[in-house]
1. Assess whether A:H160 counts as being within 13 Å of chain B (Cβ to nearest Cβ) and closer than 18 Å to A:L118 by Cα.
2. Mind listing whichever residues of region A:161-195 are within 24 Å of B:M40 (Cα to Cα) and loosely packed, with under 13 Cβ neighbours inside 10 Å?
3. Kindly provide the set of residues from region B:96-119 that are over 22 Å from B:L38 (Cβ atoms) and either buried (at least 24 other Cβ atoms within 10 Å of the Cβ) or not assigned by TED's automatic domain parsing to the domain that holds B:E43 (or both), ordered by number.
4. Which residue, of B:V139, B:V135, B:V76, B:V80, is at pLDDT 95 or above, touching a Pro at 6+ places or on another chain (Cβ under 9 Å) and within 12 Å of ligand 1 (Cβ to nearest atom)?
5. Can you go through B:D84, B:D47 and tell me which one is within 16 Å of ligand 3 (Cβ to nearest atom) and either in contact with a Phe, Trp or Tyr (Cβ under 8 Å, 6 or more places away or on another chain) or farther than 21 Å from B:E180 by Cα (or both)?
6. Which of (1) more than 8 Å from chain B (Cβ to nearest Cβ); (2) away from ligand 3 (no atom under 16 Å from the Cβ); (3) surrounded by 20 or more Cβ atoms within 10 Å (Cβ to Cβ) is the odd one out, the single condition A:C132 does not satisfy?
7. Let me confirm something: among B:A51, B:A89, B:A60, which residue is outside any strand (DSSP E or B), closer than 23 Å to B:S292 by Cα and in contact with a Gly (Cβ under 7 Å, 6 or more places away or on another chain)?
8. Hey, any hits in region B:161-176 for a residue that's more than 9 Å from chain A (Cβ to nearest Cβ), within 16 Å of ligand 2 (Cβ to nearest atom) and among the charged types (D, E, K, R)?
Amino acid sequence: MGHFTPENLAKAKNTISVYPQARSALIPLCHLAQSQDGYLSEEAMVEIAELVGVSPAEVRGTASFYDMLHTEPVGKHLVSICTNIACMLAGAYELLEHATESLGVHSGQTTSDGEITLEEVECIAACDRAPCVSVNHRFFLDVDPDTFDQLMTDLRSGKHSSEVPSHGTLSRVERSLGLAVPREQVAEERAAADKARAERKAKAEAAGADKK
Amino acid sequence: MTVTQAPKIVTSRMGYDDSHTLERYLATGGYEALKKALSMNPEAVHDEVTASNLLGRGGAGFEAGRKWSMLRPNPVRYLVVNGDESEPATFKDRELIERDPHQLVEGVLIAAYSLQVTQAFIYIRGEFALGIERVTQAVNEAYSHGACGNNIFGSGFSVDLVVHPGAGAYICGEETALIESLEGKRGFPRIKPPFFPAAIGLYGEPTIVNNVETMSNLPWIVLNGGEAFAALGEGRSTGTRIFALSGHVNQPGTYEVEMAKPTFRDIIFDPSLGGGVRLGRDVKAFIPGGVSAPWFGPEHLDLRLDQDEVGKAGSMLGSGSIVVMDSATCPVRAAWRIARFFKRESCGQCTPCREGSGWVDKTMRRIEEGAGREEDLDLLLDICDNIAPGLTWPPAQTTICVLGPSIPSSVVWAIRMFRDEFLVHIKDGACPYA
Ligand SMILES: Cc1cc2nc3c(=O)[nH]c(=O)nc-3n(C[C@H](O)[C@H](O)[C@H](O)COP(=O)(O)O)c2cc1C
Ligand code: SF4
Ligand code: FES
């Protein structure tokens, strides 16, 4: 029995099919598993390994390199506060301190109701509207302690559920088809184009030589 | 003041709320450039890019046309677009990705045609969830519009475009790490030589890696000609460029301005741009091109936004991000925060970078928290000298990639510029700004 649902398994196979080598799908499949389970489970890693043709240890080793891939469950909302330079200059550490107190958890921890995991992160590239916060990687900007508390309340009451999908869902837009161009066709087209280019070059050189 | 009325080349649609839609894109001349390119020879398109002298916008500023001519001839070749934007305080690619995804896609297709690649990939930083959705949507629409896939616009040219998400690792912005990541591995940079992507890239095949903003310039260049682009700016710094302005300015944001014309003072103080420093304070220091760049002081405000001029003055335009620190900023804390970033993001392959970044972080933190010793300043300079011997700019490189040699940029320059403030921290046993 595989770990992916039949629907996700089909998506996984489609994803693999768009790469020249299956292993390239490893990270996209980790995201897919996170969208299914909220985190990257051991069982999912085993199945991903099988699908892309590497060992489970290689999936685990690769996933552990990347901050967004969580091999332990996280809260429903992953609340990330940026404290990098622009946000720091705008009071991000004060905001982080406030968040720690008001949520009662430190960076890396989850509230006891399982709703919120707090984390301190590096620049998320929204520095003109610092301090910046993201929730499941959806951005909330110009955040101060008051708007932060309001945001937490709203997240818990489900007010943002349309903009902020559950943790792990990266893109709600899917690729609509596999590869459109068969590999042999591309190869043929490129060979023909290279030949045509060489001919143009030879012709231009011959014309240049004539002029001389 | 030399804030010129240059055309907006990559941000022309930013005024529209629906700038990301195919409808808006088509209504504003979208995909005309691709059609024009397809009517030319691939090498003629390349010639226009060379004539434009478009410098790569990812940080290193290498001429795009020249890079393209280095692509090793081979039946299989790839184009990879770098949308990993994670250099702290850099936020211009995210805007292009989210707000004008079709312009990016069109640029990629033009490059794919000119380079006659087998397949193209757009690697987007994983944290850009909205950006990934927008570009995926744009790619889907490009396929159904006939701009991508089989026999594009009936031209006989076919290519597939794949959007690839990252998963959170700054180092994957480095082009060879990005390729490793795209191959489904940890983002460990490869050693150059031999692993120059144009020779040995994705799956070992020749690969061109270009930045999102670099690609987004191509539709305009094809429509208006490389010469029109080169007529803007000055010397090697042609065209316009997006500068991302953050920190203590009244109007932080992204501003597309003509290259080499405005100065740092213009971009920080002009009412149509940064609008001056908050609370009317003075500029204490500013970072001219991302946190990998050495800091500048007020005496550098009149340098022009010109790649070579800034390089000669001892720093770089890098990723085009300017961070302004006002007179109330603690330079120790600011430099420490940058050091901590490098410590967290070092991939750990090279000893000077892995160990050095940890030591710098620890020592800087100690000073900032008031527990530093006077010898710590020499210790910091010594560690940094081990990472990038000589502490010059550009830095000497003893590591696989240039993340390592970027570590001293903030720390060493902060010590050089603000030594007395470091000493106050040490003497008073506390941060005077806390
Ligand atoms: C540590 C490090 C991080 C980098 N991050 C990025 C990045 O986020 N985006 C980018 O386009 N280039 C980044 N670069 C530069 C790339 O290696 C590469 O030079 C660039 O993508 C080439 O594109 P261009 O020629 O169009 O500028 C980074 C380089 C280093 C050493
Ligand atoms: S310099 Fe640092 S980031 Fe670059 S390869 Fe070496 S250890 Fe990794
Ligand atoms: S520094 Fe916080 S988003 Fe860039």
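The values are calculated or read from the model by the stated rules, or taken from the named source; none is laboratory data. Being a predicted model, the structure only gives us computed values, none of them experimental. When we count neighbours, we look across all protein chains shown, and the Cβ atoms used for this are built from the backbone with ideal geometry, even at glycine.
1. Spelling it out, it is not the case that A:H160 is within 13 Å of chain B (Cβ to nearest Cβ) and closer than 18 Å to A:L118 by Cα.
2. Listed by number, the residues that qualify are A:E188, A:A191, A:A192, A:K195.
3. B:L96, B:I97
4. B:V80
5. B:D84
6. (2)
7. Sole residue among the options that is outside any strand (DSSP E or B), closer than 23 Å to B:S292 by Cα and in contact with a Gly (Cβ under 7 Å, 6 or more places away or on another chain): B:A89.
8. yes
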